[in-house]
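Participant: Take a look at the following structure, please.
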Amino acid sequence: MARNIQSLERAAAMLRLLAGGERRLGLSDIASSLGLAKGTAHGILRTLQQEGFVEQDDASGRYQLGAELLRLGTTYLDVHELRARALVWTDDLARSSGESVHLGVLHQQGVLIVHHVFRPDDSRQVLEIGAMQPLHSTALGKVLSAYDPVAHSEALETDRKAYTDRTVCEPDGFEHILDITRARGYAADVEETWEGIASIAAPIHDRRRMPVGAVGITGAVERLRREGELRPELVAAVRDCARAVSRDLGAGRF
């Protein structure tokens, strides 16, 4: 069995201590509350302070939670709210389209799947929550790259792997795809990431009208296309779902 790392346990205990009770605590208070020597407590606090998780008041010398911890917490809450707001709409999209639905956000130069609704049939499927998808080749990734400046930079700065012979890797070609995505309000991936698989995705915006994620459907090419073109009713369903989630997040009408 793997052993816990003591210093991490102590750091976590300090953060919990600072999160409750008094707003600010002194070194002696923290050390005595956790049963630590002052030198040990001070070393952990100094590391947490360097990383932005703890701040020290110049006047009193007391410690409090730092802005970086707040930022991380806000990010979690944003993703949690996005998923909560999307639950009903993504279920409806899966039922109306007959395909699996994915909700994705930008994370570490890729798309993190934060919600996945299975295709509503009896086929064997694997839950993909927590999976990562590339930015440059998937419909979800293209949408994020088209609407989110940070995702756009990440997509251009990372190596764009050719997953199939249809993957667009060149910067100019990729930029052209993003222009098309913004013009029509959705992105497509037709066998650019997986042979025989297509996907359609649209952007989700928050109350500040900032892009916070993307929602899309994924399925066999022959089901998503008709006579060589994406089925317009599926495109409309994906866009309607994205707009509905955006409205629930306070974005208003798009």
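The values are calculated or read from the model by the stated rules, or taken from the named source; none is laboratory data. Computed from a predicted model, the values in this text were never measured in an experiment. Don't worry about glycine lacking a Cβ; one is built from the backbone with ideal geometry, like all the others, and counts go over all protein chains shown. SASA here: full protein model, heavy atoms, side chains in, ligands and nucleic acids out. Shrake-Rupley method; radii C 1.70, N 1.55, O 1.52, S 1.80 Å.
Participant: Restricting the search to region 180-196, which residues are more than 19 Å from ALA236 (Cα to Cα), among the acidic types (Asp, Glu) and either in contact with a strand residue (DSSP E or B) (Cβ under 8 Å, 6 or more places away or on another chain) or open to solvent by 30 Å² or more (accessible area, probe 1.4 Å) (or both)?
Facilitator: To start, the set of residues in region 180-196 that are more than 19 Å from ALA236 (Cα to Cα) comprises 191-196.
Okay, now just the ones that are also among the acidic types (Asp, Glu), so 191-192, 195.
Those that are more than 19 Å from ALA236 (Cα to Cα), among the acidic types (Asp, Glu) and either in contact with a strand residue (DSSP E or B) (Cβ under 8 Å, 6 or more places away or on another chain) or open to solvent by 30 Å² or more (accessible area, probe 1.4 Å) (or both): GLU191, GLU195.
Participant: Filter region 163-176 down to the residues that are more than 13 Å from TRP194 (Cβ to Cβ) and without any contact (Cβ under 8 Å) to a residue 12 or more places away in the chain and list them by number.
Facilitator: Selection gives GLU170, ASP172, GLY173, GLU175, HIS176.
Participant: I'd like the residue in region 197-211 that is open to solvent by less than 30 Å² (accessible area, probe 1.4 Å) and out of contact with any Phe, Trp or Tyr (no Cβ under 8 Å at 6 or more places or on another chain) and, out of all such residues, is farthest from GLU99 (Cα to Cα).
Facilitator: Checking each candidate, the answer is ASP206.
Participant: Further question: Could you tell me whether region 124-131 includes any residue that is modelled with pLDDT under 95 and on the phi > 0 side of the Ramachandran plot?
Facilitator: Yes: one or more hits.
Participant: Right, here's the next one. In region 131-151, which residues are closer than 15 Å to GLU175 by Cβ and open to solvent by 50 Å² or more (accessible area, probe 1.4 Å)?
Facilitator: Within region 131-151, TYR147, PRO149 qualify.
Participant: If VAL88 satisfies every condition in (1) at pLDDT 85 or above; (2) within 20 Å of the chain's Cα centre (by Cα); (3) loosely packed, with under 11 Cβ neighbours inside 10 Å but one, which is the exception?
Facilitator: Single failed check for VAL88: (3).
Participant: Limited to region 237-254, what total is found for residues that are open to solvent by less than 30 Å² (accessible area, probe 1.4 Å), in contact with a strand residue (DSSP E or B) (Cβ under 6 Å, 6 or more places away or on another chain) and under 15 Å from LEU93 (Cβ atoms)? Full working, then the answer.
Facilitator: Initial filter on region 237-254 (open to solvent by less than 30 Å² (accessible area, probe 1.4 Å)): 237-238, 241-242, 244-246, 249, 251.
Restricting the remaining residues to those that are in contact with a strand residue (DSSP E or B) (Cβ under 6 Å, 6 or more places away or on another chain) gives 238, 241-242, 245-246, 251.
Next cut, under 15 Å from LEU93 (Cβ atoms) only: 238, 241-242, 245-246.
So the answer is 5.
Participant: Take SER153 and tell me if it is among the polar types (S, T, N, Q) and modelled with pLDDT of 95 or more.
Facilitator: No, not satisfied.
Participant: While we're here: Is it true that GLU9 is under 30 Å from VAL215 (Cα atoms), surrounded by fewer than 18 Cβ atoms within 10 Å (Cβ to Cβ) and at pLDDT below 95? Quick ask: steps written out before the conclusion?
Facilitator: Numbers: under 30 Å from VAL215 (Cα atoms): no; surrounded by fewer than 18 Cβ atoms within 10 Å (Cβ to Cβ): yes; at pLDDT below 95: yes.
So GLU9 does not fit the description; no.
Participant: When the residues of region 212-236 are filtered to those that are surrounded by 18 or more Cβ atoms within 10 Å (Cβ to Cβ) and part of a helix (DSSP H, G or I), which remaining residue is farthest from the chain's Cα centre (by Cα)?
Facilitator: My answer is LEU224.
Participant: On to the next question. What pairs can you find where one residue is in region 223-241 and farther than 20 Å from GLU195 by Cα, the other is open to solvent by 80 Å² or more (accessible area, probe 1.4 Å) and in a helix (DSSP H, G or I), and their Cβ atoms are less than 6 Å apart, with a gap of 6+ or different chains?
Facilitator: ALA237/SER96; CYS241/TRP89
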